[in-house]
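Everything below concerns the one structure shown next.
The values are calculated or read from the model by the stated rules, or taken from the named source; none is laboratory data. These numbers were taken from a predicted model, which means no experiment stands behind them. Counting neighbours? That spans all protein chains shown, and the Cβs are built from the backbone with ideal geometry, glycine included. For the accessible areas, the whole protein counts, side chains as well, though only heavy atoms, and no ligand, DNA or RNA atoms are used. Shrake-Rupley method; radii C 1.70, N 1.55, O 1.52, S 1.80 Å.
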Amino acid sequence: PTFDVDIDILKSGKIHITETIVADFSKDPLEHRGIFRNIPVSYRDDFGNKFKLRFDLIGITDENGNSHPLADQYQEGGEIYLKIGDPYVYLDQPTTYVIEYEVDRAIGYFRDHDELYWNVFQDWGVPVLNSTVTINLPDSGSEDMKATCYTGYYGSVDSVCTSTVIDDKTFQFTGGQEFYPGEGFTIVAGFPKGLVFEPSFVQRVLWFIADNWVVFIPILAFAFLFLRWWHKHPGHAFLDSHVKKC
């Protein structure tokens, strides 16, 4: 397929993504009803803690705005899977899928800049003939805008792609050659601080607890057992303070 992406970075810190995928089923002798689209949403931070993106699917249409059926949506292995297509309709021609969704927590906040690090696609079982990505900022940036991209299999640092700062609000990335099955395309766009809102400390803590609640099970279990013991032996903790001295 071909894979073109428009990403609007919103003032709120969310990103609004529109993917236009053209799958040519006419060149495959196998019967197809649609496509799978997998989107990574679970990562690890620098300390090994879980870090999950918040994903919200808006819609799936063709190039004319007609809806494509969504056969299934589920999360597995840290990825959102979209099974797109009608199980009773076989496709034998080029078909366009416009997938629109929003993601929260994708922006990285650093001391001197903010950035979007985004896996456009990875580990697809089919080749991608070409891919472009356009990123739009909510407000004008400055000369501090920086862009880079990576291609290849997992762990690769190859950069068979081009990264361009078009103007003070726009980045563009282009794959330099056909992507083979299993290869990925990753882009990084850095921009000045202050263009998007940064989540508060309280919000970050709430996200951390939601993503890593399993870590708190031993603490909650200890607190529960301690409270049970306390209610059964309410005076023991202060026994010494009630002993009269001679």
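Here are the numbers for this structure:
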{"read-out": "Cα shape, the stretch 29-82, gyration tensor, a/c 1.5 rule", "value": "prolate"}
{"read-out": "Difference of contour (0.36 nm per residue) and Cα-Cα distance, GLN73 to THR2", "value": "23.3 nm"}
{"read-out": "The chain - accessible surface per residue (Å², probe 1.4 Å)", "value": "61 Å²"}
{"read-out": "Rg to Rh quotient for the stretch 76-131, alpha carbon positions, Kirkwood Rh", "value": "1.06"}
{"read-out": "Cβ-placed point charges (K, R +1; D, E -1), dipole of the chain about Cα centre in debye, nearest 20", "value": "1980 debye"}
{"read-out": "Under 12 Å, Cβ to Cβ, from GLY175 - net charge with Lys/Arg +1 and Asp/Glu -1", "value": "-4"}
{"read-out": "Scattering profile of the stretch 1-130 at q = 0.16, 0.18 Å⁻¹ [log10 I(q)/I(0), Debye over alpha-carbon scatterers]", "value": "-0.87, -1.06"}
{"read-out": "Cα→Cβ-extended label distance, 7 Å offset, between SER159 and ASP92, nm", "value": "4.6 nm"}
{"read-out": "Principal-axis tilt of helix 201-211 within the chain, Cα atoms, nearest 10 degrees", "value": "80 degrees"}
{"read-out": "Selection from TYR88, ALA106, ALA23 lying farthest towards where the dipole of the stretch 1-118 points positive, charges on Cβ", "value": "ALA106"}
{"read-out": "Backbone N under 15 Å from the ASN119 label point (7 Å along Cα→Cβ), restricted to the stretch 62-76", "value": "75-76"}
{"read-out": "Rounded to 10°, Cα long-axis angle of helix 217-232 versus longest principal axis of the chain", "value": "20 degrees"}
{"read-out": "Most fluctuating residue given options ALA210, ALA147, ALA23, as computed from a GNM of the chain linking Cα atoms under 10 Å", "value": "ALA210"}
{"read-out": "Length released on extending from ALA210 to GLU143, taking residue separation times 0.36 nm less the Cα-Cα span", "value": "20.4 nm"}
{"read-out": "The chain - percent of accessible surface contributed by carbon and sulfur, probe 1.4 Å", "value": "56 percent"}
{"read-out": "Rounded, prolate or oblate (a/c below 1.5 giving rounded, otherwise prolate when a/b exceeds b/c) for the stretch 89-218 by Cα gyration tensor", "value": "oblate"}
{"read-out": "31 Å Cα-Cα threshold exceeded, pairs from LYS50/LYS83; LYS52/LYS193; LYS27/LYS169", "value": "LYS27/LYS169"}
